[in-house]
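The values are calculated or read from the model by the stated rules, or taken from the named source; none is laboratory data. Computed from a predicted structure; not experimentally measured. Counting neighbours? That spans all protein chains shown, and the Cβs are built from the backbone with ideal geometry, glycine included. Please note that ligands, DNA and RNA were not included when accessible areas were found on the heavy atoms of the full protein model with its side chains. Shrake-Rupley method; radii C 1.70, N 1.55, O 1.52, S 1.80 Å.
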Amino acid sequence: MDLGPKHLQIVSNTRDLFGSLFDDAAIFPPGNKALDQAVVDHVRLAQGDLAALLGSFVVSDSRIDDLGKVATEARSELLPLSVTVRHPSILGQLRERLSVLNLVDQVLSLEMVIPNSVDVDSAIAQITHSANTAWPGHVDVYIEVPRNNRRHTVLAAISRSPFRAKFRTGGTEAALYPSSSELAESILSAVQLGIAFKATAGLHHAIRNRDPVTGFEQHGFLNVMMAVEACLAGSAVQQVAEILDCRNGDLVARWAHGLLTEKARSLRHFFRAFGTCSIAEPVGDLVSLGLLEAVETE
């Protein structure tokens with residue numbers, strides 16, 4: 001998105017909705033941006049008008065050494081990190097590698113996967129031990145919730161821990177996108193259990209849409225926000241699913257404009273962020289919907 005000689009500013013009554021919402025996952029599919037360029041772009045965004053909207057820079061544990069080489073040439077204080085972790089057993093080693101690279105203090109969150117071969121309660125116990133020893137009081141931990149018969153088991157385990165949930169909302173194949181009913185059930189369960197969550201993949205746009213290139217049905221991040229507020233108001237799964245299916249951008253934008261500050265903060269207590277491989281796409285949608293304003297520079 002190129003706005004030319006203009007500044008962007010958040011519309012005042014929606015400021016609480018969008019702060020630190022967009023985690024920068026530019027190096028992941030389908031964006032696949034080169035790591036060095038992604039770091040440069042993130043730092044540039046963190047110094048510009050969109051800084052208040054920008055969350056963490058997402059990097060996989062396998063790319064930490066590469067990131068260390070790039071980060072030494074960038075302003076690392078503008079590079080808060082969320083690290084995706086393949087297995088709970090590597091947390092201690094990961095902490096040591098980050099320490100050597102002087103990146104430990106940049107890590108704000110860890111995004112964990114519990115392999116199907118690993119017992120859920122044992123994994124949670126292992127993550128808890130590592131978090132208390134290698135990462136005491138330092139990071140937020142997100143546990144990815146699988147889209148199989150272990151979903152409710154994992155959510156229940158998270159609810160008994162200090163951790164948060166991570167919901168996969170899309171990917172590079174149609175099958176990676178949960179249906180509206182499935183996502184509604186996950187969001188409602190999280191709210192009822194008091195679990196904060198982030199989303200990853202597929203939320204390219206603000207409003208429910210069909211991707212013109214892939215044909216995939218994609219969830220909208222404003223739909224997800226509206227769905228969380230509906231869960232907090234006591235809506236049932238079917239009602240929440242209908243909100244996720246809504247394609248009326250004007251209606252959803254009016255909802256966002258009219259949302260009271262207290263309700264905005266309440267829903268963001270649950271929906272913390274989502275990973276996007278393009279910051280420009282969701283920002284462009286917010287401009288189109290009148291939720292971000294383009295202001296002429298002098």
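Yes/no per residue for (1) assigned to a strand (DSSP E or B); (2) aliphatic (A, V, I, L, M); (3) within 23 Å of Val240 (Cβ to Cβ):
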{"site": "Ala131", "(1), (2), (3)": "no, yes, no"}
{"site": "Gly137", "(1), (2), (3)": "no, no, no"}
{"site": "Val141", "(1), (2), (3)": "yes, yes, no"}
{"site": "Pro146", "(1), (2), (3)": "no, no, yes"}
{"site": "Leu155", "(1), (2), (3)": "no, yes, yes"}
{"site": "Pro162", "(1), (2), (3)": "no, no, no"}
{"site": "Lys166", "(1), (2), (3)": "yes, no, yes"}
{"site": "Gly171", "(1), (2), (3)": "no, no, yes"}
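Among residues of the range 182-206 being open to solvent by 10 Å² or more (accessible area, probe 1.4 Å), in contact with a Ser or Thr (Cβ under 7 Å, 6 or more places away or on another chain) and among the small types (Gly, Ala, Ser), the one that is farthest from Pro162 (Cα to Cα) is Ala201. Criterion applied to Leu110, Leu103, Leu79 was being among the aliphatic types (A, V, I, L, M) and touching a residue at least 40 places away in the same chain (Cβ under 8 Å), and the one residue passing it is Leu79. Pairs are defined by a Cβ separation below 7 Å, a sequence spacing of at least 6 or placement on different chains, a first member in the range 251-270 that is more than 16 Å from Leu291 (Cβ to Cβ), and a second member that is among the charged types (D, E, K, R) and surrounded by 16 or more Cβ atoms within 10 Å (Cβ to Cβ); the pairs so defined are Arg265/Asp16. Here Lys198 passes the criteria (1) in contact with a Phe, Trp or Tyr (Cβ under 6 Å, 6 or more places away or on another chain); (2) free of Cβ contacts under 8 Å to residues at least 24 places away in the same chain except the one numbered (2). Across the range 71-86, the qualifying residues are those that are open to solvent by less than 30 Å² (accessible area, probe 1.4 Å) and of a type in the set (Val, Ile, Thr), and the one among them that is nearest to Pro29 (Cα to Cα) is Thr84. Tell me which residues, restricted to the range 121-138, are buried (at least 18 other Cβ atoms within 10 Å of the Cβ) and either among the aromatic types (Phe, Trp, Tyr) or out of contact with any Gly (no Cβ under 8 Å at 6 or more places or on another chain) (or both). Once the filter is applied, which keeps residues that are buried (at least 18 other Cβ atoms within 10 Å of the Cβ) and either among the aromatic types (Phe, Trp, Tyr) or out of contact with any Gly (no Cβ under 8 Å at 6 or more places or on another chain) (or both), the range 121-138 yields Ala123, Ile124, Gln126, Ile127, Ala131, Trp135. On the given criteria, is Ser89 modelled with pLDDT of 90 or more and either in a strand (DSSP E or B) or surrounded by fewer than 17 Cβ atoms within 10 Å (Cβ to Cβ) (or both)? Criteria not met by Ser89.
Please indicate, with yes or no, whether at least one residue in the range 39-46 is in contact (Cβ under 8 Å) with a residue 40 or more places away in the chain, open to solvent by 10 Å² or more (accessible area, probe 1.4 Å) and on the phi < 0 side of the Ramachandran plot. So far as the range 39-46 goes, yes, one or more of its residues are in contact (Cβ under 8 Å) with a residue 40 or more places away in the chain, open to solvent by 10 Å² or more (accessible area, probe 1.4 Å) and on the phi < 0 side of the Ramachandran plot. Is it the case that the range 72-80 has a residue that's over 18 Å from Asp23 (Cβ atoms) and not polar (S, T, N, Q)? Yes, the range 72-80 has at least one match.
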